[in-house]
Structures are given as structure tokens and as C-alpha cells.
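Chemist: I have a structure I would like to understand better, so I am pasting it below and will then ask my questions one at a time.
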Amino acid sequence: MTELTGMTCGEITAWIREQGYPAFRGKQIFRWIHQGADFSEMTNLPETMREKLKQEAVAQPVRIRLERKSPLDGTVKFLYELLDGNCVEGVLMRYKYGVSLCISTQVGCRMGCRFCASTLEGRVRDLTSGEMLGEILCANRYLASENVRVSHVVLMGSGEPLDNYDHVIRFLRLLKEEDGIRLSLRNVSLSTCGIVPKMYALADENLPVTLCVSLHAPNDEIRRETMPIAYTWSIREILDACRNYIRKTGRRVIFEYALSDGVNAGEEQARELASILRGMQCHVNLIPLNTVEERNMKGITEDKVRRFLQILQENNISATRRREMGDDIEGACGQLRRKTINSSKGE
Ligand code: SAH
């Protein structure tokens, strides 16, 4: 089966011609796909053609298997099902400026961060560019009755986007195709645990996405306690790669910092973080660590978050505390998937 979802309009056109159809059908199909339609809904194609295409190709490789809407803030958690039965998660959040969707880039993850639920069973496989796009298309269909669409995308679901580099880049390029969903790359954020060579590569792609880096520690010693990747690349190397990204793209970098009591959240760590980031065009996003049942790491009290934030700000580091959304619906990465898989296993 050919997955058309990850193809550009030009590629679909070439493919449809190989199937013996006129070229203009390519654009029609491309448009339908980006509207989230399956072959049976492509009403301007002849019935026989739709039937034949169904045998040869896939238009929508993702479907929503489960959705949970928070009565508190309207956040929706999706469990997406892929054609091979694997599941990944997505979270849709509503802001004043639009609708933001958090998407997954891999089934599972092999980075092994101690606090993260997505990595507990390693990486199962990479998502294709079409599957990543499919996550957005499903969410847009879900939103259709409200007459809104996804306006912002964050690559912060399960998986390490820079560990699936080629598919992620292809996916990002698809977002700006002329007849596609046309989501501005300025509204896209990519989050990495810090795969340094790929951060340099990304800076050269000429894609104006916001780079987010999961730092979570002010020095390598603390970072190594929770993030195995810290044994491969030092914070110094990561910050150099960030400076390069800022220089090449003109965009500030965002550092994510999940606070965990007794690990990285003391006043001393706040001062150290401020000192390593001084003078950099960046912003720090503080996140109180979400406790994951399987992980023996604690969150933090509101007072301590405030103190940490205050120290950063006193040192002229731009920082905010990330608003928590969807806490009541297993909003944290990997949690809903695990719950669903485990309960279907009878655990
Ligand atoms: N692999 C990428 C993107 C996926 S994770 C990365 O590492 O950035 C998205 C963010 O959620 C990362 O900053 C990750 O460190 C954070 N995260 C994972 N588990 C968390 C938890 N239990 N509480 C708070 N943040 C968590």
C-alpha cells in the first residue's frame, strides 16, 4: 500500500499518472487528504477510481481511538490508532490565540529519561511524516463542528523528533504546501532532549520553527541523574548548538525545565541555571514535574516553583511557569497510552 498522506502535491500527481490517471487528479486528491477525507469521501473523483485507489493506497493512516475532554478547560486528549494497531497520544489545548495540538513523533521513545512515561518500554517505531500530518488532520475533523482548526503544533508528544529526523523534516515541509493545511511554521515548536548534531542540521533547514530544549538541569551532573542523553552531549555543547540556532534563524530558544523536589529545584540550581543562560536570547518554561506512577520522582510545591521563577527573573532570565492543562485527563506524555494498553492487557 502506498501512503499518500506524507507526499507532496507534486509527488501525488506523479503517482496518480503512473496509475494511468490524468495529472489534475493529483491536486484533487492532495486537497482532500489535507481536509482529512478518506477515498470514499472524495466526491469529485469517479466511483470506480475511488474503489481502485482504496486497493492501492492509504489516504488517512490515523484515526482517533479514544478521546477524553477535560470539563475544566476544554483540553482534549486523543489516543490515536495507526494502521498497524500501534497507538500514540495527542493533546489539544485551547488558548486565546488559537488551538494548539501536541503531536507524537515516535511510538514510544528510546531516550530513557527517568521522569517520562513515553520511554518506559523503549521505542517501538518511528512515525512517518504522513502519520504526523494525520494526527493534525484527525484533530481538525474533531474540531470541524466548532468551526475552528489547529493553528499551532508542538512536537512534544511521545518520541524524540530529532531521532526521527528525516520524517519530521518532511512533515514540516508538508505543512506549508500550497494546497495543504497551510500551517505557518512560525506556529510550530519542536522539542528535543538535545541531540546536538541534529540541532545543527535543523538550523540549516531554513524552517522557522521554534526550538525547545528539555534541559531540566543546570549542570551535567544533575542532568545525568535523569537523562541518559546527558552522557553523550554536555550542556555546554547543547548551549553552543542553541546559540548557532539563534544566530541562523533569528529565533529565541525555549528551555523546558521540569521541577522535581530534591533533584533540580533548589535555589542554588536556579542561580546556576541563570548563570549558564545569561546573555542568551532564550526563555525558560518551568513545569512542575508530573508524577508518573511508574517513576519514583516527585513533583513540587507551588511555593518552590514561585521561588525558582523569582530567582530566574531577578537575574534577568525571561521565564514563566507553564500552565498545566489536562491534568485531570492524563495529560502527561505517555500516560493515557499506557493506561489503555495495560487495561486491554487486563492489568
Ligand atoms: N523528546 C522530546 C519531546 C517529547 S517530551 C524532548 O525530550 O523534548 C515533551 C516534554 O515533556 C519534554 O520537555 C519532557 O522532558 C517533558 N516531560 C516528560 N515527562 C514529564 C513529566 N513527568 N513531567 C513533566 N514534564 C515531562
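Chemist: Only residues that are surrounded by fewer than 21 Cβ atoms within 10 Å (Cβ to Cβ), closer than 19 Å to G134 by Cβ and of a type in the set (V, I, T): list them for the stretch 1-44, please.
Modeler: Those that are surrounded by fewer than 21 Cβ atoms within 10 Å (Cβ to Cβ), closer than 19 Å to G134 by Cβ and of a type in the set (V, I, T): T2, T8.
Chemist: I'd like the residue in the stretch 92-108 that is assigned to a loop (DSSP other than H, G, I, E, B) and at pLDDT below 95 and, out of all such residues, is nearest to F171 (Cα to Cα). Full working, then the answer.
Modeler: First, pick out the residues of the stretch 92-108 that are assigned to a loop (DSSP other than H, G, I, E, B): 96-97, 103-105.
Pick out the ones that are also at pLDDT below 95 and you get 96-97.
Values: K96: 26, Y97: 23 Å.
Applying the filter and picking the extreme gives Y97.
Chemist: For the condition within 12 Å of the chain's Cα centre (by Cα), at pLDDT 95 or above, of a type in the set (A, V, I, L, M, F, W, C) and within 23 Å of S118 (Cα to Cα), what is the one hit in V196, V213, V188? Let's see the steps before the verdict.
Modeler: Values: V196 fails: within 12 Å of the chain's Cα centre (by Cα); V213 fails: within 12 Å of the chain's Cα centre (by Cα).
Result of the check over V196, V213, V188: V188.
Chemist: Could you grab me the full set of residues in the stretch 109-157 that are assigned to a helix (DSSP H, G or I), among the hydrophobic types (A, V, I, L, M, F, W, C) and more than 10 Å from the ligand (Cβ to nearest atom)? Lay out the reasoning, then the answer.
Modeler: Going residue by residue through the stretch 109-157, those that are assigned to a helix (DSSP H, G or I) are 117-119, 129-146.
Restricting the remaining residues to those that are among the hydrophobic types (A, V, I, L, M, F, W, C) gives 117, 132-133, 136-139, 143-144.
Those that are assigned to a helix (DSSP H, G or I), among the hydrophobic types (A, V, I, L, M, F, W, C) and more than 10 Å from the ligand (Cβ to nearest atom): M132, L133, I136, L137, C138, A139, L143, A144.
Chemist: Just give me the residues in the stretch 267-287 being touching a residue at least 40 places away in the same chain (Cβ under 8 Å) and in a loop (DSSP other than H, G, I, E, B), in sequence order.
Modeler: Within the stretch 267-287, just M280 meets the criteria.
Chemist: Select, from E205, E267, E256, the only residue that is within 19 Å of T320 (Cβ to Cβ) and more than 16 Å from the ligand (Cβ to nearest atom).
Modeler: Working: E205 fails: within 19 Å of T320 (Cβ to Cβ); E256 fails: more than 16 Å from the ligand (Cβ to nearest atom).
The conditions single out E267.
Chemist: While we're looking at this one, here's another question. Of all residues in the stretch 173-193, which are more than 15 Å from the ligand (Cβ to nearest atom), without any contact (Cβ under 8 Å) to a residue 40 or more places away in the chain and not in a loop (DSSP other than H, G, I, E, B)?
Modeler: L185, R186
Chemist: A further question on this structure: When only residues in the stretch 208-230 that are within 15 Å of the ligand (Cβ to nearest atom) and in a helix (DSSP H, G or I) count, which is nearest to L162 (Cα to Cα)?
Modeler: I229
Chemist: Output the residues belonging to the stretch 51-85 that are outside any strand (DSSP E or B), touching a Leu at 6+ places or on another chain (Cβ under 9 Å) and surrounded by fewer than 19 Cβ atoms within 10 Å (Cβ to Cβ).
Modeler: As a first pass, look at the stretch 51-85 and keep what is outside any strand (DSSP E or B): 51-56, 59-61, 70-75, 83-85.
If we keep only those that are touching a Leu at 6+ places or on another chain (Cβ under 9 Å) as well, we get 53, 59-61, 74-75.
The one that is outside any strand (DSSP E or B), touching a Leu at 6+ places or on another chain (Cβ under 9 Å) and surrounded by fewer than 19 Cβ atoms within 10 Å (Cβ to Cβ): G74.
Chemist: How many residues does the stretch 147-167 hold that are buried (at least 16 other Cβ atoms within 10 Å of the Cβ) and either at pLDDT below 95 or under 14 Å from C102 (Cα atoms) (or both)?
Modeler: Filtering the stretch 147-167 down to residues buried (at least 16 other Cβ atoms within 10 Å of the Cβ) leaves 149-150, 152-165, 167.
Still in the list and also either at pLDDT below 95 or under 14 Å from C102 (Cα atoms) (or both): 149-150, 152-161.
Of the residues in that region, 12 qualify.
Chemist: Quick check on the stretch 273-287. Is at least one of its residues within 22 Å of the chain's Cα centre (by Cα), within 14 Å of the ligand (Cβ to nearest atom) and closer than 19 Å to M111 by Cα? Full working, then the answer.
Modeler: Filtering the stretch 273-287 down to residues within 22 Å of the chain's Cα centre (by Cα) leaves 282-287.
Narrowing further to those that are within 14 Å of the ligand (Cβ to nearest atom): 283-287.
Checking which are closer than 19 Å to M111 by Cα leaves us with none.
There is no residue in the stretch 273-287 that is within 22 Å of the chain's Cα centre (by Cα), within 14 Å of the ligand (Cβ to nearest atom) and closer than 19 Å to M111 by Cα.
Chemist: Inspect the stretch 98-107 for any residue being out of contact with any Cys (no Cβ under 6 Å at 6 or more places or on another chain) and away from the ligand (no atom under 16 Å from the Cβ) and give the result as yes or no.
Modeler: First, the residues of the stretch 98-107 that are out of contact with any Cys (no Cβ under 6 Å at 6 or more places or on another chain): 98-107.
Checking which are away from the ligand (no atom under 16 Å from the Cβ) leaves us with 98-99.
Yes, the stretch 98-107 has at least one match.
Chemist: Name the residue that is farthest from the ligand (Cβ to nearest atom), counting only residues in the stretch 288-327 that are in a loop (DSSP other than H, G, I, E, B) and among the basic types (K, R).
Modeler: Step one: filter the stretch 288-327 for residues in a loop (DSSP other than H, G, I, E, B), giving 289-301, 315-318, 322-326.
Now restrict to residues that are among the basic types (K, R): 295, 298, 322-323.
Working: R295: 7, K298: 11, R322: 9, R323: 13 Å.
It comes out as R323.
The values are calculated or read from the model by the stated rules, or taken from the named source; none is laboratory data. Since the model is a prediction, treat every value here as computed from it, not as a measurement. Virtual Cβ from ideal backbone geometry, glycine too; neighbours counted across all protein chains shown.
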